[in-house]
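These notes concern the structure reproduced below.
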Amino acid sequence: MLVETGHFALALALALSLVQAVMPVWAARAGEPALRQVAVQAALGSFACVLFAFAALTYAHATSDFSVQNVVDNSHTAKPFIYKISGVWGNHEGSLLLWVLILTLFGACVAVAKSAVPPVLRANTLGVQGFITFVFVLFMIATSNPFSRVMPAPIEGRDLNPLLQDAGLAIHPPLLYVGYVGFSITFAFAVAALIDGRIDAVWARAVRPWTLIAWSFLTLGIAMGSYWAYYELGWGGWWFWDPVENASLMPWIAGTALLHSTVVMEKRDALKVWTVLLAILTFSLSLLGTFIVRSGVLTSVHSFATDPTRGVFILAILILFIGGSLTLFAWRAPLLRQGGLFAPISREGSLVLNNLFLVAACATVFVGTLYPLLLEMLTGEKISVGPPFFNFTFVPLAVPLLLIVPFGQALAWKRGDALAASQRLFAAMAAALAVGLGAAALHWGGPVLAPVGVGLGAYLIVGSALEIISRARGYGASRARGASVIWRRALGLPRSAWGTAIAHAGVGVVVLGIAAQGWATEGLATLKSGGTLAAGPYVATLDRVAPRTGPNYEETVAYLTIRNKAGDEIGHVETSKRFYPSRQMAVTESGLLTVGASQVYASLGEIQPDGAGLRLYHKPYVLLIWLGAVVMALGGGLSLTDRRMRVGAPVRARAKGLPPAAVPAE
Amino acid sequence: MRAAALLVLALLAAGPARAVQPDEVLPDPTLEHRAREISAGLRCLVCQNQSIDDSDAPLAKDLRLIVRERLKAGDTNQAVEDYVVRRYGEFVLLRPVFGLHTLLLWATPLLAILLGGFGIWRLARRKAPPPERRLTTAEEDEVAALLRRD
């Protein structure tokens, strides 16, 4: 019964989203401002409906209701409860419902946010958001209904893919989706601006918090996915340039560019048309990310045809949104007034360079991911584009980009002084050189690029710290002397300044972690009980191999003791081979031992009567890769709490009779 | 025909195995290092986007053994790659060759930078923007109301 109600709620959401899509545009045409309010109500209503539908599906999964096809396909009574919940979005239909839930949540947020957004812009934005919701709910109801019943109901379900039965996978998709879907708001704002035919700094300010939220979550989502692949896939890599990974990286790169171009637009009234185009591209790439992955077209051209209705529908959606918005852009963009001149050596000049390199990197990933597909379709030739290609092309684009990060920060708006900026960054360059040379000396004869990367990471981190220090110190007559004065002033800097510095330092941390992988070591051997295997500074001893029974699997576990070279015990690690009888599938569970930011990584190979094949890695400072991403997201979050970003702050300040909050000068 | 041959190969080499096995490792460390380097650039033909170095498929194991055999026979890295490409086609290379059919692929980063750079150059050369758009009457009233209130 609840399942049918959920199904009905979804249909209601379809109707409400259509109202939300049509009313604001009509209100603008008819000159009836009162009608605009309908869009707000409709946005709240469709969120409530989708929330109810999601709750109904969750209930069906939690109670293992095997009369629902979706539960039968993805659940099992013996499955641990947490995976019964995460199994709701661990499949095509359910993940779509989560996607739409987040979409309507964002719509509801825009509807109730008290902000200085002009009413027409807000109404049009809600309308665009409503249209997106409408199309996706329609897609779900027409081709991917999570509420389909099955008759007669089977006694047992088919269980969730064992690879997905993992805590990482429970939170990875929601994080990623908040990121993807968050960019729908910037997209909606962009299309609304195109419909309206005007755009200004207010638009940029209205869009920025949403971009920040989406970007921060996408950063976390990608990092989470990368960590999951690292420990679950069992061969110790952290990024594989897999099409699925690239699909999430592309909107992230475009979103990063968007984040920076909106700053230029807000401060200097420049790059308007470009920013609108970026907003459209970012969401288009998010759509591509979500649905091209879902359709399976990336793994094989032929799997696209396994479910023709779904495939054709996805193609239609992509053409509608990407083609439609780009057409609208080509038609309406000339109406948007171009403004703002800029000198090449200035903060905005460096941000333009940032956009150039980011977009080039994004284009490279895009072409690299889709090229084999197109080539096969056009000529029938089959080629592979793998990690060697991406490393070769992506790194040369990323390095200059990272080099200009502290420079841009050190340059003033309008007209910067390159020489003064270099002088300010002297300490960062010195630190980079010292750290890089130190690392090279420590690992003489090792890989060449690793110390360079370490130096680059140090340069970014010190550069970010210098930015805060020099801003706190001030210039000219007000130049502070004592450290305590600088510290006090630093605490008084706007949160967005801190957020920027922290996010950039986070990039430096990621670079450090990546560079350190050049010194990763690996050992491989077949061990008997009591045998040892070394990797880097650690030695693993195989204590025993024994079977064990889990809640819904059987496993063979290798118990290892890790010691350092001196023979002191550091800890214990278990790695196992699991067999899930419900899916007849075997997976390898790797064992991890964290020592500081480094990890010892053990992966079980072939099991033999008197021992086991074992792979042992030492991954120095590998955790920095993901911690750095978390730091980046924290920086984004901190920027979000900045006074001028807080949605509705000026309104409240005025209501209390206080003077409007002063905008901190950059 | 080739698919059939692959299938036969896969069936013959059935049995559990994952990534490089201890028994595959060459006694000569330099040779083994070269083998690993080559393996990381060869695609496992039956997997989704995995190199034969990472893959646990039986076919990947065969390829790893072929690579090691060729190396033992004294082939250069390039010769080993050519040998594998002759047998399995270009699809096996994770780093696509540079040729007419991959020209656009390899040129993309450079093209993007050049095109973008050209756009920026034009933007930087632009003259001062035309005057500000006039406010509508309704907006003028709104401004007047705001000014009165202060």
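The values are calculated or read from the model by the stated rules, or taken from the named source; none is laboratory data. These numbers were taken from a predicted model, which means no experiment stands behind them. Because the Cβ atoms are built from the backbone with ideal geometry, glycine has one as well, and the counts that use them run over all protein chains shown.
For the range A:145-176, name all the residues that are touching a Leu at 6+ places or on another chain (Cβ under 6 Å) and over 21 Å from A:ASP73 (Cα atoms).
Listed by number, the list holds a single entry, A:LEU175.
May I ask you to list the residues in the range A:195-208 that are buried (at least 20 other Cβ atoms within 10 Å of the Cβ) and part of a helix (DSSP H, G or I)?
Passing the criteria: A:TRP203, A:ALA204, A:ALA206, A:VAL207, A:ARG208.
Determine whether A:ILE383 is within 14 Å of chain B (Cβ to nearest Cβ), touching a helix residue (DSSP H, G or I) at 6+ places or on another chain (Cβ under 7 Å), modelled with pLDDT under 95 and under 30 Å from A:ARG268 (Cβ atoms).
Here the answer is no, as A:ILE383 does not meet what is asked.
Could you tell me whether any residue of the range A:39-49 is free of Cβ contacts under 8 Å to residues at least 24 places away in the same chain and of a type in the set (Ser, Thr, Tyr)?
There is no residue in the range A:39-49 that is free of Cβ contacts under 8 Å to residues at least 24 places away in the same chain and of a type in the set (Ser, Thr, Tyr).
Which one of these does B:ASP23 not meet: (1) surrounded by 15 or more Cβ atoms within 10 Å (Cβ to Cβ); (2) at the interface with another protein chain (Cβ under 8 Å from one of its Cβ atoms); (3) farther than 27 Å from A:VAL395 by Cα; (4) not β-branched (Val, Ile, Thr)?
(1)
Would you say A:TRP239 is modelled with pLDDT of 90 or more, within 15 Å of A:THR211 (Cβ to Cβ) and either surrounded by fewer than 24 Cβ atoms within 10 Å (Cβ to Cβ) or of a type in the set (D, E, K, R) (or both)?
no
Please go through the range A:354-413 and pick out each residue that is farther than 30 Å from B:ILE52 by Cβ and aromatic (Phe, Trp, Tyr).
A:PHE357, A:PHE407, A:TRP413
Looking at the structure I just gave you, is A:THR211 away from chain B (no Cβ under 14 Å) and in contact with a Gly (Cβ under 8 Å, 6 or more places away or on another chain)?
So A:THR211 passes the test.
With the range B:65-150 as the region, which helices (runs of 4 or more DSSP H) entirely inside it contain at least 2 residues that are modelled with pLDDT under 85 and over 30 Å from A:LEU401 (Cα atoms)?
In the range B:65-150, the matching helices (runs of 4 or more DSSP H) lie at B:137-149.
Residues being part of a loop (DSSP other than H, G, I, E, B) and in contact with a helix residue (DSSP H, G or I) (Cβ under 9 Å, 6 or more places away or on another chain): count how many of those fall in the range A:440-478.
So the answer is 5.
If you check A:VAL352 against the conditions, is it within 26 Å of A:VAL276 (Cα to Cα), buried (at least 17 other Cβ atoms within 10 Å of the Cβ) and β-branched (Val, Ile, Thr)?
Taking the combined requirement at face value, the residue satisfies it.
Would you confirm whether or not the range A:255-268 contains a residue that is within 14 Å of another protein chain (Cβ to nearest Cβ), of a type in the set (A, V, I, L, M), more than 26 Å from A:GLY90 (Cβ to Cβ) and in contact with a Phe, Trp or Tyr (Cβ under 6 Å, 6 or more places away or on another chain)?
No, the range A:255-268 has no match at all.
Can you name every residue in the range A:317-360 that is in contact with a Gly (Cβ under 8 Å, 6 or more places away or on another chain) and outside any helix (DSSP H, G or I)?
Correct list: A:LEU336, A:PHE342, A:ALA343, A:ILE345, A:SER346.
Can you go through B:ILE38, B:ILE120 and tell me which one is more than 10 Å from every other protein chain (Cβ to nearest Cβ) and either under 30 Å from A:VAL399 (Cα atoms) or surrounded by 13 or more Cβ atoms within 10 Å (Cβ to Cβ) (or both)?
Answer to the check: B:ILE38.
Filtering the range A:543-574 down to residues that are over 25 Å from A:HIS618 (Cβ atoms) and of a type outside the set (Asp, Glu), which residue is surrounded by the fewest Cβ atoms within 10 Å (Cβ to Cβ)?
The extreme case among them is A:THR549.
What number goes with the only condition from (1) of a type in the set (Gly, Ala, Ser); (2) farther than 30 Å from A:LEU212 by Cα; (3) away from chain B (no Cβ under 14 Å) that A:ALA503 does not pass?
(2)
Looking at A:ILE102, is it assigned to a helix (DSSP H, G or I), among the β-branched types (Val, Ile, Thr) and out of contact with any helix residue (DSSP H, G or I) (no Cβ under 6 Å at 6 or more places or on another chain)?
The answer is no for A:ILE102.
Would you say A:THR369 is farther than 15 Å from B:PHE91 by Cβ, more than 7 Å from chain B (Cβ to nearest Cβ), under 23 Å from the mean Cα position of the chain (by Cα) and in a helix (DSSP H, G or I)?
So A:THR369 passes the test.
Just to confirm my filter: which helices (runs of 4 or more DSSP H) fall fully inside the range A:12-92 and include at least 3 residues that are crowded, with 24+ Cβ neighbours inside 10 Å, touching a Ser or Thr at 6+ places or on another chain (Cβ under 9 Å) and at pLDDT 95 or above?
A:33-62
Can you name the condition, by its number, that B:ASP56 falls short on among (1) part of a helix (DSSP H, G or I); (2) within 12 Å of chain A (Cβ to nearest Cβ); (3) closer than 30 Å to B:ASP28 by Cβ?
(1)
Looking at A:ALA398, A:ALA410, A:ALA420, can you tell me which residue is more than 8 Å from every other protein chain (Cβ to nearest Cβ), surrounded by fewer than 21 Cβ atoms within 10 Å (Cβ to Cβ) and under 29 Å from the mean Cα position of the chain (by Cα)?
Every option except A:ALA398 fails the conditions.
Quick one: in the range B:82-103, of everything that is over 17 Å from B:ASN49 (Cα atoms) and within 7 Å of chain A (Cβ to nearest Cβ), which residue is surrounded by the most Cβ atoms within 10 Å (Cβ to Cβ)?
Here the residue is B:THR102.
Being buried (at least 17 other Cβ atoms within 10 Å of the Cβ), within 27 Å of the chain's Cα centre (by Cα) and over 18 Å from A:LEU44 (Cβ atoms) is the requirement here; does A:GLY107 meet it?
The answer is no for A:GLY107.
Hey, among the residues in the range B:59-81 that are among the acidic types (Asp, Glu) and surrounded by 15 or more Cβ atoms within 10 Å (Cβ to Cβ), which one's nearest to A:VAL365 (Cα to Cα)?
My answer is B:GLU81.
So is A:LEU271 within 14 Å of chain B (Cβ to nearest Cβ), modelled with pLDDT of 90 or more, within 26 Å of A:ALA204 (Cβ to Cβ) and more than 15 Å from the chain's Cα centre (by Cα) or not?
Considered against the rule, which asks whether it is within 14 Å of chain B (Cβ to nearest Cβ), modelled with pLDDT of 90 or more, within 26 Å of A:ALA204 (Cβ to Cβ) and more than 15 Å from the chain's Cα centre (by Cα), A:LEU271 comes out as no.
Can you spot a residue in the range A:395-415 that is out of contact with any helix residue (DSSP H, G or I) (no Cβ under 6 Å at 6 or more places or on another chain) and free of Cβ contacts under 8 Å to residues at least 24 places away in the same chain?
Yes, the range A:395-415 contains a residue that is out of contact with any helix residue (DSSP H, G or I) (no Cβ under 6 Å at 6 or more places or on another chain) and free of Cβ contacts under 8 Å to residues at least 24 places away in the same chain.
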